[in-house]
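S.K.: Got a structure for you, written out below as structure tokens; questions coming shortly.
Every read-out reported here was derived from the displayed coordinates using simple, explicitly stated rules and does not represent laboratory data. These numbers were taken from a predicted model, which means no experiment stands behind them. Neighbour counts are summed over all protein chains in view; Cβ atoms, including those assigned to glycine, are modelled from backbone coordinates with ideal geometry.
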Amino acid sequence: MFLMIVVVGAVTLFTMPRAEDPQINPPAFPIVVVYPGTSPRDIEELVVKPIENKMHELANVDKILTTIEDGLTIIRVEFKYGENIDNKYQEVIREVNALRNELPKDLYSIEVRKIDPSDVSVLQVALVSENASGKKLKEYADNLKVDLEKITSLKTVKVWGVPDEEVRIDLKIDKLAQLKIPLNVVTGSLQSEDANIPGGSITAGTKSFNVKTSGKFASVEDIANTVVYNGNGKIIYLKDVASIDLKNEEEKHITRINGHRCVLVTAAQKTGANISSTQKKYLPVLDEFEKTLPVNIKLVRNFDQATNVAQRLSGLGIDFLIAICLVLFTLLPLGFRASIIVMIAIPLSLALGLVGLNVFGYSLNQLSIVGLVVALGLLVDDSIVVVENIERWRREGYNKKEAAIKATKQISLAVLG
């Protein structure tokens, strides 16, 4: 039985899910409403009150917290713990959708979100360069993103800190006025050209071919050569009435690591995955990717949650060794046999604790590790007290069996306390 517990405990230790924080699922759902150009007072009257009234009608609502700013409101609906997360999420979405017709028609967006602690990043790497272009940094960051997305235990891989490219079209209003071309004609021409339209199929003998008109823009030159007006024998191209350039969108963030310009790539871990096993999968990917970088781009591994978890586990191991040494030092005067019994009982108890954690679906995280450390201290104290009391009864003339029963019974209530 001892060997069985040791084996099961060891297997559990190396296979159970590991993470920095415990997995919790709070029954809280933020409703984010964007209504540009509207004052907080107007948002409260037109948006917040109707939504709050509808949410209060739901069962087991604990509280509703609302934050309102210019053009934005976040309504956080919190249910009592123990409620089914998915059912309540669907209820909130259903009620918001039912209320949509009663809200202003010109709302920019309304979104119901679900709080998921597993969305926290477990990995963050930075591509650092002082002279590489933003386009080049983003190109390599996107390549790394594709590589990390292939790892099945990772999710939500994102690139941060570099603006996306966009085609900027600056119309020459005076030129349009001179040619008497309405603005909506220009925008309509662009929209109609940048479209893929299915054209049905053609059957030729035993073969069938799909036909579609492809108008997808492939370059800035394609956009510049778009015909915006055709009349009176004259063809007007977009480049005749506008300046077209490929530029970065408005930069809203400045990203630095240790003062150096960089682009960040982050990844979260799927629920129930083992962070140590996940690390073994993404470290080779990072090593291989680093070899492909030019000399002016450096990869910095800024944050790795698996390292933090490993440090905490090593701390548990050190505490375990300290406990064994304390038991040996304290109980040797009572005899080698007593020391060995207690030294065996401690790892067996920890093994049973790990098996219990795994059976009930808990991961090995910083809170469960703290619990194991506290339990380890209690085990050492209780073991010493029980063995010493048994020895006291032995010295009073009782045999081993009687001494063990009477001594343990005498202090069992104190030990449980």
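S.K.: Taking 0.36 nm per residue of separation and subtracting the Cα-Cα distance, what length does fully extending Thr187 through Lys80 add?
M.R.: Gain on extension, Thr187 to Lys80, equals 33.4 nm.
S.K.: Please list, in order along the stretch 81-91, the HN-Hα scalar couplings obtained from phi with the Karplus expression 6.51 cos²θ - 1.76 cosθ + 1.60 (θ = phi - 60°), rounded to whole Hz, x for Gly and Pro.
M.R.: Here the 3J(HN,Hα) series is 5, x, 6, 5, 4, 5, 5, 5, 4, 5, 4 Hz.
S.K.: Starting at the first residue of the stretch 73-79, write each ³J(HN,Hα) from the Karplus equation 6.51 cos²θ - 1.76 cosθ + 1.60 with θ = phi - 60°, in whole Hz, x for Gly and Pro.
M.R.: 3J(HN,Hα) across the stretch 73-79, in whole Hz: 9, 10, 9, 9, 9, 10, 9.
S.K.: Taking the simple approach of a point 7 Å from Cα along Cα-to-Cβ for both Ile24 and Lys280, what is their distance in nm?
M.R.: The two pseudo-label positions are separated by 3.1 nm.
S.K.: Please build a GNM for the chain, connecting alpha carbons under 10 Å apart, and tell me which residue among Gln311, Gln366, Gln279 fluctuates the most.
M.R.: Looking only at Gln311, Gln366, Gln279, the biggest GNM fluctuation is shown by Gln311.
S.K.: Please report the spacing between the Cα centers of the stretch 258-314 and the stretch 32-61 in Å, no decimals.
M.R.: Taking the Cα centre of each part, the stretch 258-314 and the stretch 32-61 sit 41 Å apart.
S.K.: Using a simple spin-label model with points 7 Å from Cα along the Cα→Cβ vector, what separation in nm is obtained for Val295 and Phe14?
M.R.: Once both label points are built, they end up 4.4 nm from each other.
S.K.: Can you list the HN-Hα couplings for the stretch 166-171, worked out from phi with the Karplus curve (6.51, -1.76, 1.60; θ = phi - 60°), rounded to whole Hz and with x for Gly and Pro?
M.R.: In residue order, the calculated couplings are 8, 8, 9, 10, 9, 6 Hz.
S.K.: Then there's this: Which angle between 0 and 90 degrees, to the nearest 10, do you get for helix 2-15 versus the longest principal axis of the chain when only C-alpha atoms count?
M.R.: 20
S.K.: Would you mind checking which residues have amide H under 5 Å from Leu364's amide H? H placed 1.01 Å from N; only 5 or more apart, or other chain.
M.R.: Hits under the 5 Å cutoff: Arg18, Ala19.
S.K.: Report the gain in length on full extension from Ala375 to Phe2: 0.36 nm times residue separation, minus Cα-Cα distance, nm rounded to one decimal.
M.R.: Once the chain is fully extended between Ala375 and Phe2, it gains 132.3 nm.
S.K.: Hey, another quick one. Label-point separation (nm) for Lys105 and Lys150, each offset 7 Å from Cα along Cα-to-Cβ?
M.R.: Here the answer is 5.0 nm between the modelled labels.
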